[in-house]
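Below: one structure, written as structure tokens.
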Amino acid sequence: MCVANAIASPIQVETGLVCRAQKDMRMADYPNTTVVLHPLVQHKLSLMRRKETPVAEFRRLLKEISMLLAYEATRDLALTSATIETPVTTMHNAPVLDGKKLVLVGILRAGLGILDGMLEIVPSARVGHIGLYRNHETLEAVEYFYKVPGQLQDRTVLVCDPMLATGNSAVSALDRLKRSKPGAVKFVCLLACPEGLKTLHEAHPDVPVVTAAIDERLNEKGYIIPGLGDAGDRLFGTR
């Protein structure tokens, strides 16, 4: 059985996984990273990878996986207790979320697909957007839009983008976001690769990553291999 407590590794994994899906992964290479290898996540991800998967199904699958990733990304939210009335009696010490509301920040445009799923789980979350596009010559991220909730101090912020490829967009988004001095920050993505994780962790070693898979590598055009193509194009039908 492949369980988190059975592996002496910085990578955390959920109980009930299919370990062979990433049996060749050198676990110590990816610190502060959680790979959610739940069977439902992995099955839906494989459906998304298929090139014949239509836009509507791709969009639905991304929303469903994002809902499942939200459970892992919010696992350590603080709780307090309250007194409530059930239909039967008064209940003391009922667990409820503590602190300020969660903030979800989507990296435009593909990050919108993850936001939709996460808002199903945490509909009261505040939402921000960071617009970035990749210069296809240099593969560097260029910012064109930034709008996030004010007063991020003491708030948990989840930065969402389906693909952690070169890592440049993620680093740029985190650089910009940290100027507002948020509380805890996590990066949530559908797919990551070694190059992107290295770039992100070197720039922001304090930011945990939650992902559904770590793929093999980047190709010469900066796309994840085997990947699933351009997530934004497949999500919005612009390919």
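Before moving on, here are some points about what is shown:
- Selection from the range 137-159 of residues that are touching a residue at least 24 places away in the same chain (Cβ under 8 Å) and closer than 20 Å to Leu218 by Cα: Leu139, Glu140, Ala141
- Subset tally (residues that are part of a strand (DSSP E or B) and surrounded by 14 or more Cβ atoms within 10 Å (Cβ to Cβ)) for the range 95-122: 7
- Only one of the listed residues (Tyr133, Tyr144) is part of a strand (DSSP E or B) and surrounded by 13 or more Cβ atoms within 10 Å (Cβ to Cβ). That residue is Tyr133.
- In the range 221-239, of all residues being in contact (Cβ under 8 Å) with a residue 40 or more places away in the chain and touching a Leu at 6+ places or on another chain (Cβ under 8 Å), the one that is surrounded by the fewest Cβ atoms within 10 Å (Cβ to Cβ) corresponds to Gly222.
- Failed item, numbered, when Leu139 is tested on (1) in a loop (DSSP other than H, G, I, E, B); (2) at pLDDT 90 or above: (2)
- Of everything in the range 40-67 that is among the polar types (S, T, N, Q) and part of a helix (DSSP H, G or I), the residue that is surrounded by the most Cβ atoms within 10 Å (Cβ to Cβ) is Ser66.
The values are calculated or read from the model by the stated rules, or taken from the named source; none is laboratory data. Quick caveat, the model's predicted, so the values are computed rather than measured. Reconstructed Cβ throughout: ideal geometry from the backbone, glycine too, with neighbour counts over all protein chains shown.
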